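Okay, structure first, notes after.
The values are calculated or read from the model by the stated rules, or taken from the named source; none is laboratory data. Here the structure is a predicted model, which is why all the values come from computation and not from measurement. Note: ideal-geometry Cβ built from the backbone for every residue, glycine included; neighbour counts use all protein chains shown. To get the accessible areas, we keep the full protein, side chains included, count just its heavy atoms, and leave off ligands, DNA and RNA. Shrake-Rupley method; radii C 1.70, N 1.55, O 1.52, S 1.80 Å.
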Amino acid sequence: MVPKYLSFLFLVLVTVLAEEKDVLELTDETFSHELERLENTLVMFYAPWCGHCKRLKPEYAKAAELLLGNDPPITLAKVDCTESGKKTCNKYSVSGYPTLKIFSGGDVVSDYNGPREAAGIAKHMRAQVGPASKKLVGENCLKSFLDSNEVGVVGFFENDELPLATSFYTVSEKLKEKIRFAHTTEKALLEKEGHKNTIVLYRPKILQNKFEPNLVKYEGGNSVSEVQEFINKNFFGIAGVRTRENLGEFKNPLVVAYYAVDYVKNPKGTNYWRNRIIKVAKNFPELNFAISSKDDFQHDLNDFGIDFVKGDKPVILAKNANNQKFVMKDEFTIDAFEAFLKDLEADVLEPYMKSESIPEDNSGNVKVAVARNFDEIVTNNGKDTLIEFYAPWCGHCKKLAPIFDELGEKLANEDIEIVKFDATVNDVPAPYEVQGFPTLFWAPKNSKNKPIKYEGGRVVDDFIKYIAKHATDELKGFDRKGKPVNLKSDEL
C-alpha cells in the first residue's frame, strides 16, 4: 500500500507539471536551436529559490495556455539559471530573477517590462508580435475578432489612404498594448455592417448591459487626438472593471464599488451588481465609476478605514477632484447609492480622513502633525516650515530623528517650524506627494500651496544652510549663508 503522503506528493507533482506543460523548458544545449525555429518567444530566466519567480510561475503557465494557437505563434519558455542554463544566463547578462526577454527567432527583440499576471502577459505579447491592427477579410474574421472578453475597436474604411484611416493606424500603434484593434476595406463587410469610413468601439458580450449601447460609433474629425480621445472616453463604459494592472487609468472624481468581482468563476453574479451600479451612475456623467474586487484591493479598503467587507453587497468608496476620500456609510441600495452621489456632487459630505489622535502635548521644538491637525500645524501656522514625512520602521528615518531634534533646538527662537508626520497612519494632504521615506518638504509661509521638495544634505548644518538661505525673513541667529551671527546682550 502506498503511504498517503506519497500519494499527496504525487498529486502535487502532477498538478505542477500540468500547470507548466505549455511552457518550454530550455537548457544551454537546446536554447539556440529551439529559439531559431520559433517565431516569437518570451523567455523567463529564473532561479528555483527566487520568491518572485515562484509567484510568477503559475501566471506564466496560464499565459502560455492563453497563447496557444495565437496567430502569429507565441511561445513562452523558461531557463533555470542555477543549473542547466547557467551559460545562457551569463550570455544574456542576467543578474536578477526573474528576468524576461522577448526573442524573434534567435535574436533578442527587447526586455519584457509588461504585466506579471496571465491575461496581461498574453495581451502584452500579442501586442508586441502581431500587427497593431488586425486586417479583417470577411464576416467570419469580424465575428472571430469580436468573440472576446475584451473591448475591440474596428476601423471600416473604403481605402487605407483616407485621413481617418491614417489616424486610426497611428492610434492603434500607440495603444496596441492596451486595446485590440482591427480594420477592413472589404466592400461586402462594410455594406453588411453598415459602417463606412468610420471607427466603431465594440463592448465585449460579457460587459454588455441595457443601460449603454453595445457599440459606439465615432463621429469626430480626422485628427489623431480626436480618435484617441474617443477611444479613451468610451473604453471602460459607464463603470469600468478596475484591476491592479489598469488602476492608473481611472481618474478622479472616481466612485468605486468593491465586492466579489470575478468574471471567470461568477460573471453572472458580478454583472448583477455592476448593472445596478450603472443604472444609477448613468445619471451622473461628471463622475467616473468603476467596480473592483474587494479581495484584490484590500489595501484600498484599509485606506478608507475598512478592515473587512461583510456580505455580498458592494461597498462604495469615492474620491473627489481634490483627492478627498468619502465612504458611503449606508448599506448598498439603489436609493442609498443615488443619495450618496447627489451629496458627493453637492459637496456636502464629510471627507474620511485616516489620522492619529491630535497630540495632547505638542510643545516640543519639533512639532508633531497628524492628518487632523495638519492645517493648524503646517498650512496655517504663519511660518516657514520644514516637514518630514516618515515611517516608524524606516532605518533612514530613525537615523534622521535625533538630527531633526537638534535642528529644532537650534532654531527654537526662529520664526521657523520643524515638523514631523507619520505617513503610514495618516493621510498625506494635497499638494504633498510621498512615495518613499523619509520625504522632506520646505513650505514657505506665503506659498504653502506650493511646497518645495527638499533634496539637500541631512546633517544639521546642511539643514541650517538651506533654511537660512530660503527663509522668507532672515533668521535672527544665522546669516543668509547659515553662519551664526553675534547677538547683542539684550537679545541673548
| task | Whole Å is fine, so just give me how far the alpha carbon centre of the range 344-385 lies from that of the range 22-57. | result | 53
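When only the heavy atoms of the protein chains count and the probe is 1.4 Å, how do SER104, SER133 rank by accessible area, highest first?
If we order SER104, SER133 from most to least accessible, we get SER104, SER133.
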| task | In whole Hz, with x marking every Gly and Pro, tabulate ³J(HN,Hα) for the range 462-471 from phi via Karplus 6.51 cos²θ - 1.76 cosθ + 1.60, θ = phi - 60°. | result | 4, 5, 5, 4, 5, 5, 4, 6, 9, 4
| said: Restricting to DSSP loop positions (anything but H, G, I, E, B) with no more than 11 other Cβ atoms inside 10 Å of their own Cβ, which chymotrypsin sites (Phe, Trp or Tyr not before Pro) remain in the range 270-374? | reply: PHE308
| task | Once you have the Cα-Cα distance between GLU350 and ILE452, take 0.36 nm times their residue separation minus that, and quote the gain in nm to one decimal. | result | 33.8 nm
| query | What residues of the range 317-354 lie in the reach of a label at THR379, counting those whose backbone N is under 11 Å from a point 7 Å from the Cα along Cα→Cβ? | reply | 324
| field | Where GluC sites (Glu not before Pro) fall in DSSP loop in the range 347-438, at most 10 other Cβ within 10 Å | value | GLU360
| What share of the DSSP beta bridges in the range 177-334 is antiparallel, in percent to the nearest 5? | 55
| request: State log₁₀ I(q)/I(0) for the range 205-312 at q = 0.10 Å⁻¹ as given by the Debye formula over alpha-carbon point scatterers of equal weight, solvent excluded. | output: -0.32
| task | Work out how much length ARG55 to LYS187 would gain on full extension: take 0.36 nm times their residue separation and subtract the Cα-Cα distance, in nm to one decimal. | result | 42.6 nm
| task | Please determine, in degrees from 0 to 90 and to the nearest 10, the orientation of helix 267-281 with respect to the longest principal axis defined by the Cα atoms of the chain, where the helix direction is its Cα long axis. | result | 60
| query | At a Förster distance of 35 Å, what's the computed FRET efficiency of CYS141 paired with VAL109, Cβ-Cβ distance as r, to 0.05? | reply | 0.85
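Relative contact order for the chain using alpha-carbon pairs under 8 Å, separation at least 6, rounded to a whole percent?
Relative contact order for the chain comes out at 8 percent.
For the chain, what is the accessible area per residue in Å² when the probe is 1.4 Å?
On a per-residue basis, 55 Å².
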| request: Using DSSP, restrict attention to beta bridges with both residues in the chain and report what percent are antiparallel, rounded to the nearest 5. | output: 50
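In the range 332-381, what percent of the accessible surface is made up of carbon and sulfur (1.4 Å probe, ligands and nucleic acids excluded)?
For the range 332-381, the apolar C and S fraction of the accessible surface comes to 43 percent.
How many percent of the accessible area of the range 23-101 is carbon or sulfur, using a 1.4 Å probe?
Here it works out to 49 percent.
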| field | About the Cα centre, charge dipole magnitude for the chain (Lys/Arg +1, Asp/Glu -1 at Cβ), debye | value | 740
| So what's the chain giving for Rg/Rh, alpha carbon basis, Kirkwood Rh from the mean inverse pair distance? | 1.06
| query | Considering every Cα-Cα pair within the range 206-252, what fraction, in whole percent, is farther apart than 17 Å? | reply | 45
| Can you give the three extents of the C-alpha atoms in the range 231-380 along their principal axes, from longest to shortest, in whole Å? | 59, 31, 30
| task | Let me know the charge dipole size of the range 191-234 about its Cα centre in debye, to the nearest 20, where only the beta-carbon of Lys, Arg (+1) and Asp, Glu (-1) is charged. | result | 240
| note | Rounded to the angstrom and largest first, Cα extents along the principal axes for the range 51-134 equal 39, 27, 20
| task | Find the centroid of the Cα atoms in the range 467-482 and in the range 140-194, then give the distance between the two in whole Å. | result | 64
